[in-house]
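Since the structure comes first, as structure tokens, the remarks are kept for the end.
Coordinate-derived values only; no laboratory data. Only a predicted model underlies this, so the values are computations on that prediction, with no experimental measurement involved. Cβ placement follows ideal geometry from the backbone for every residue including glycine, while neighbour counts extend to all protein chains displayed.
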Amino acid sequence: MIGRIVDHAAPAERLAALRIVVGVFVVVYLVGRSPVFLALADRPTDDFDPVGLLVPFAAAPGGAIVITALVVTLAAGIAATIGYRYRPAAMVFAGGLSFLTTLRSSWGQLLHFENLMVLQLVVLACAPASDVWSLDARRSTRTGRPGPIEPSTRYGWPLAVASLVMVITYVIAGAAKLRYGGIDWLDGETLRNHVAYSAARLDLIGGNPPLLAELVVEHAWILAPAAFVAVAIELAAPIVFIGPRWRNSWVAAAWLMHVGILATMSVGFPSPLFGVAFAPLFPLERFVRSTRRWIERRRPFRSVAAS
Amino acid sequence: MTGEDGWVDLARTRRLAVTTAVVALLVAPVVVNTDGWFPLSTYPMYSSTRGVETTFVTAQGLTGDGNQRDLTPSLIGGSDDPLLVVGELRAVLAAGRGDERCAEIASRVSSRDDYGDVTAIEVVAERHDNVARTRGDDDSLVNREVRARCEVER
């Protein structure tokens, strides 16, 4: 398996497509969650319970720093996504996202659905993801610098590392259930209690209860096989490296698992639910080329139809 | 080695070393058993065994005739994200600032015409049978403790 990772070759377009997919997703995520990040500026500093890189800091950063960080991260995110001055932009983008999400996690509530997104963005920021399909590439073409376009490990290895990060994340999550919950986690009762806990918590805080919580708590027999399948999916994540069929099957299973978690517990993991967490596994450039061909095929038809 | 465009094109042994380092970094919190190294984590969400009963902290409105009225996450915590609101309220109570938070909630409620019947706020710790509550049973409440109470001034 290690050979598949360190020797993984891919075209430059694949890494560039991942840059665009992850960049668009994170920028939209930041915009959508901006009220949450901006609200951090108003939180009482007494509640500050730093994690990660913020541990050395005794006090929370001021409001001006939070607002500046959000604006700069968004600007860097847009620049990195379109591949403008990619290297510094991507570093600032990843650094800014790390800062904002670490800060959001530093108030006694770890949500865990931002970890993978941050880690994959850090990997991407260390990769030459703007050699094609970017403003940087256009500029270097104009100045006569040829862009490297042959498939190579230069582009494939970062994709494999981003995939590996995703795989290890799932394996750790699966192992945690057996480590902390023990074999009892698989009997379905624990999962039923988690589902009921999530529903009761939302109900008491005035939120909307999960769509299927009542149904699965009423028919709790379904939760024993569901618990087993959930742990099996997480622990089986490394099979994505075996081949395309294994990869597709696992990604479909993992995605359905997240849909199930959302429907029964109202806990949404945005990056996997939108497929972004799994994107490094796929030849994204083929989707882009197919879409381009589809658009080009429709253009003459449209012009004929219009005339 | 560094390419002419500034990106580092690593030899196989170095790619292997970096990959190994990435794996070690990701696994390190598991070995140390800490969840405080964000974005690295042991991913313990929903991994522990959980009983049927749980104590929740929340805030409720009280109407003039003494009935309870549910509030929204944005009224309780100034955010639409229930998980954040719960976590923050728990931290506030742990820090002994329940009265302060109660006053903030009362202030938000006082500015809402659709909550005009709410005359007081109670920040409470309620213990529920979660399975019973999810099934819609009325008798899920096991215990209720008022941590802070304040009036809504209009």
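Some observations on this one:
- Amide hydrogen neighbours beyond the local backbone of B:ARG147, cut-off 5 Å, H modeled: B:VAL123, B:VAL124, B:ALA125
- Against the main long axis of the alpha-carbon atoms of chain A, helix A:115-125 sits at an angle near 20°.
- Across A:LEU53, A:LEU262, A:LEU119, mean-square fluctuation computed from a Gaussian network of chain A (C-alpha pairs under 10 Å connected) peaks at A:LEU53.
- Inter-chain neighbour count for B:30-38: the average number of beta-carbon atoms from partner chains within 10 Å of each residue's beta-carbon is 5.
- Phi-derived couplings, Karplus 6.51 cos²θ - 1.76 cosθ + 1.60 at θ = phi - 60°, listed residue by residue for segment B:76-92: 6, x, x, 9, 7, 8, x, 5, 5, 5, 5, x, 5, 4, 4, 5, 4 Hz, with x used for Gly and Pro.
- With the alpha-carbon atoms of segment A:133-279 aligned to their principal axes, the span from lowest to highest coordinate is 67, 36, 25 Å, starting with the largest.
- With contributions of -39500 (n - 2.57) from each DSSP H run of at least four residues, the per-residue ellipticity at 222 nm computed over the protein assembly as shown stands at -18000 deg cm²/dmol.
- Neighbour cut-off at most 13 other Cβ (10 Å), DSSP loop, trypsin sites (Lys or Arg not before Pro), segment A:13-48: none
- Spacing of the modelled spin labels on B:ALA95 and B:ASP70, each 7 Å from Cα toward Cβ, amounts to 2.8 nm.
- Peptide B:11-24 shows a mean partner chain C-beta count of 4 within 10 Å per residue C-beta.
- Principal semi-axes in Å for chain A [√(5λ), Cα gyration tensor, largest first]: 35, 27, 20
- Summing charges over all other residues whose Cβ lies under 12 Å from the Cβ of A:GLU13, with Lys and Arg as +1 and Asp and Glu as -1, gives +2.
- FRET efficiency for the B:ARG149 to A:ARG179 pair, using the beta carbon distance and R₀ = 30 Å, is estimated at 0.10.
- Where GluC sites (Glu not before Pro) in DSSP loops with at most 10 other Cβ within 10 Å are excluded, longest remaining stretch of chain B: B:5-152
- Taking Cβ atoms as reference points and 13 Å as the exclusive limit, the residues near A:GLU114 contribute a net charge of +1, counting Lys and Arg as +1 and Asp and Glu as -1.
- Taking every residue in B:123-130 and counting other chain Cβ atoms within 10 Å of its Cβ, the average works out to 3.
- Max mean-square fluctuation residue, GNM over chain A, Cα-Cα springs under 10 Å, options A:THR153, A:THR68, A:THR101: A:THR68
- Averaging 1/r over every pair of different alpha carbons in segment A:216-307 and inverting the result gives a Kirkwood radius of 16.1 Å.
- Rg to Rh quotient for segment A:27-166, alpha carbon positions, Kirkwood Rh: 1.05
- Convex hull volume of chain B per residue (C-alpha atoms, cubic angstrom): 207
- Within-10-Å neighbourhood charge of B:ALA132 [Cβ basis; K, R +1; D, E -1]: -3
- Mean-square fluctuations from a GNM of chain A, with a 10 angstrom spring cutoff on Cα atoms, peak among A:GLY275, A:GLY95, A:GLY63 at A:GLY63.
- Order by protection proxy (mean Cβ within 10 Å, highest first), peptides B:131-144, A:70-83, A:192-205: A:192-205, A:70-83, B:131-144
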